[in-house]
1. Would it be correct to say that residue 442 is among the hydrophobic types (A, V, I, L, M, F, W, C), surrounded by 13 or more Cβ atoms within 10 Å (Cβ to Cβ) and modelled with pLDDT under 85?
2. Tell me, yes or no, whether the stretch 512-523 has at least one residue that is out of contact with any strand residue (DSSP E or B) (no Cβ under 8 Å at 6 or more places or on another chain) and surrounded by 20 or more Cβ atoms within 10 Å (Cβ to Cβ).
3. I need the full set of residues from the stretch 86-102 which are at pLDDT 90 or above, in contact with a Leu (Cβ under 9 Å, 6 or more places away or on another chain) and not in a loop (DSSP other than H, G, I, E, B), in order please.
4. Condition first: in a helix (DSSP H, G or I), more than 24 Å from the chain's Cα centre (by Cα) and closer than 15 Å to residue 426 by Cβ. Now tell me which residues in the stretch 436-479 satisfy that.
5. In the list 250, 261, 218, 212, which residue meets the criterion of being surrounded by fewer than 19 Cβ atoms within 10 Å (Cβ to Cβ) and either polar (S, T, N, Q) or closer than 20 Å to residue 159 by Cβ (or both)?
6. Residues 142, 133, 164: which one is closer than 30 Å to residue 198 by Cβ and open to solvent by less than 40 Å² (accessible area, probe 1.4 Å)?
7. Failed condition for residue 482, given (1) open to solvent by less than 10 Å² (accessible area, probe 1.4 Å); (2) more than 15 Å from residue 536 (Cα to Cα), with all others met?
8. Inside the stretch 80-93, can you point out the residues that are touching a residue at least 24 places away in the same chain (Cβ under 8 Å), open to solvent by 10 Å² or more (accessible area, probe 1.4 Å) and at negative phi?
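The values are calculated or read from the model by the stated rules, or taken from the named source; none is laboratory data. Small disclaimer: the values here were computed from a predicted structure and weren't measured. Heads up, the Cβs are rebuilt from the backbone with ideal geometry, glycines too, and the neighbour counts pull from every protein chain shown. To get the accessible areas, we keep the full protein, side chains included, count just its heavy atoms, and leave off ligands, DNA and RNA. Shrake-Rupley method; radii C 1.70, N 1.55, O 1.52, S 1.80 Å.
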Amino acid sequence: MQEMRGIGPQHAHARRQARHPCLVPSAVMGLWLLLASASAQAVPAGVPPLVQANNAATKTTKRSGGVGMVLDGRGGRIVVARVVPGGPAAIAGVRGGDTILTVDGAAIVPGASVSQVAAKVRGPVGREAVLSVARVGHKAPVRLTVVRADLSLLFPKRADSVLVVESGLSLIATSGRWSLGVTFPRGGGEGDLLQYQWALVPAGKRLSTANAQRGLGAVAWGRGGATIQVADWRLVLKRWPARGKLVVAASNLPVAKVSAAQWVETDPATATYVRPRGAPKAYRTTWPVGPCVVKVQAQNAGQPLIAQRLTLRLSNAAGAVLPSATVVTDSDGRATLNLPKGRWTIVGLVPSLPGAGRDIYFAGTLKPGATIACANKAPEERQLEIMSPAAAAQGTPLPATAFNHPLVGAQLPKVAVRAWMGGPNPLPKTLKGKVLLLYLWATWCGPCKRVSPMVAELHARLGDRGLLVIPASVDRDRLALIDYVSNELAGAAPVAWIGPEPLAKLPIRGIPTVVAIDDQGFVRAVHTGTGVGVQTWAHWLEGLLDEAQGKKKRQVRAKPVAQADAAKSSLSARDRALIAAKQRSAAAARKARIQGSKSRPGRRSKSRSKKKRKKKRKKKR
């Protein structure tokens, strides 16, 4: 079992990095410790020192600090498994394989745990710690004097928001030599000259000091972004395609966002440093927009499909297949696609991203094979005949597992909503005459990409009848959700951000999960995963809406599943078979013990026989 603990406020991030296979082997039982050296020594080439290596200029504070290495317990010894590149331990000369002998003169007893050694190393930021280590090839112990450093400089948290390069963005950073700052007086579009102001002073001082070096810089940026270099600080700027802006994608030093008016007055020692977050990736890769104009008309049985979303699956001459951008048909069922020049083949329809209105994908199928030649400037027109789905699909019932879930028949426990995105809270004061469809999903969930368009279609079809659709996101990353909602869910139902905690409280094994709740607040069906089509859900929900609105006799609601049965019903068939086999073997062993005790008279068998005789006497009376 691994023993992994952090020191200071960044311990959670340290544990995440320690679990990464590229940083620490999974077999290592280690602990991140952050340490600064009292003497400037060489660090690996290309890696700037992250803390100041000068005792006189290092301020002592009450904040918890530590060292920069990974410790491992091996055979009763505490060994340095790895040193953080560019960190204080690397500056001090600590090497991988060193065995810790003493910390501040206190000997490390054989069998001491990593946590016990960590407690000795921890201390206020800026205070010295003296280590004595045994090193291979050295007969005598090696003595190292270090200065504890703040963890936020070596293991900064990831930024809560994307650092968009716009007017007023001001950043500061600190290294072993310098305190640096950059501010952008204004943003700029692609191809424009991006101007910025920079300043640097010796490490530990404010940028407003008299001996600060200042200057102006400019860089042109395009699709490849741009790079800004100030002394040993390197900022990598990348283009955010969804918004056409630059963002700070990477930095070789932790950065802190400060006020534009006070960026030179900010004390580097009190700033909160973070790792920049790159531009969010597109939820779905589509064909790029090009100069070729293609007009298509969608109709079903001669009738145009009006104000519906359309997404075509196209292949080019090279055989690559991707969806087109989602477009909305007009009053004549026409829509315009902008594609790069070339020859395109219509493979079929794909579900559109969730949005306002119905999706043509769920109206039927499209006969593939039509080709589009995008070579001329004049728009090319194609007529798309949508074939209706089979009528039998509309009457397919929900699977029996949807009604055997532990939540069915009970009221849904209260779930706290952190924030509403894409619109205000749509929940009414009462569910009278309505049905609530709770959809648990996440932006990183692969199967959710197939279920989300179906839930959006149910919202478009039955929203006017009284169906309330609540997409509840269990994402941890708030910004990833914000970017997805703002760019991919325009016009869709408001999203409730609930975070991952409710999944641990509810008997739900995974996502995507759809929970149907009637007008009295009771759960009527729960389905996890894919496999249920929009026609099946729509047919069943229409019946539930008829019940809520008094158009249909209310069915007998299923009773909540017992606690023991609830645990079984949430297991797979294989798990239930294993549990049943273990129960049978335990019952057989218990029966064998009882029979063995009867064959060997003793105190236990006599006591049981006395109980039986007492029961017989009571019955006779």
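1. On the way: among the hydrophobic types (A, V, I, L, M, F, W, C): yes; surrounded by 13 or more Cβ atoms within 10 Å (Cβ to Cβ): yes; modelled with pLDDT under 85: no.
So residue 442 does not fit the description; no.
2. Taking the stretch 512-523 as the starting set, the residues that turn out to be out of contact with any strand residue (DSSP E or B) (no Cβ under 8 Å at 6 or more places or on another chain) are 520.
Pick out the ones that are also surrounded by 20 or more Cβ atoms within 10 Å (Cβ to Cβ) and you get none.
The answer is no, given that none of the residues of the stretch 512-523 is out of contact with any strand residue (DSSP E or B) (no Cβ under 8 Å at 6 or more places or on another chain) and surrounded by 20 or more Cβ atoms within 10 Å (Cβ to Cβ).
3. 100, 101, 102
4. Of the stretch 436-479, the ones in a helix (DSSP H, G or I) are 448-462, 478-479.
After this cut, where a residue has to be more than 24 Å from the chain's Cα centre (by Cα) as well, the list is 457-462.
If the condition is that a residue be in a helix (DSSP H, G or I), more than 24 Å from the chain's Cα centre (by Cα) and closer than 15 Å to residue 426 by Cβ, then 458, 459, 460, 462 are the ones that fit.
5. Values: 261 fails: either polar (S, T, N, Q) or closer than 20 Å to residue 159 by Cβ (or both); 218 fails: either polar (S, T, N, Q) or closer than 20 Å to residue 159 by Cβ (or both); 212 fails: either polar (S, T, N, Q) or closer than 20 Å to residue 159 by Cβ (or both).
Result: 250 is the single residue among 250, 261, 218, 212 that is surrounded by fewer than 19 Cβ atoms within 10 Å (Cβ to Cβ) and either polar (S, T, N, Q) or closer than 20 Å to residue 159 by Cβ (or both).
6. 164
7. Of (1) open to solvent by less than 10 Å² (accessible area, probe 1.4 Å); (2) more than 15 Å from residue 536 (Cα to Cα), only one is false for residue 482: (1).
8. In the first step, residues of the stretch 80-93 are kept if they are touching a residue at least 24 places away in the same chain (Cβ under 8 Å); the result is 80-82, 84-93.
Then keep just the ones that are open to solvent by 10 Å² or more (accessible area, probe 1.4 Å); that gives 81-82, 84-85, 90, 93.
Of everything in the stretch 80-93, those that are touching a residue at least 24 places away in the same chain (Cβ under 8 Å), open to solvent by 10 Å² or more (accessible area, probe 1.4 Å) and at negative phi turn out to be 81, 82, 84, 85, 90.
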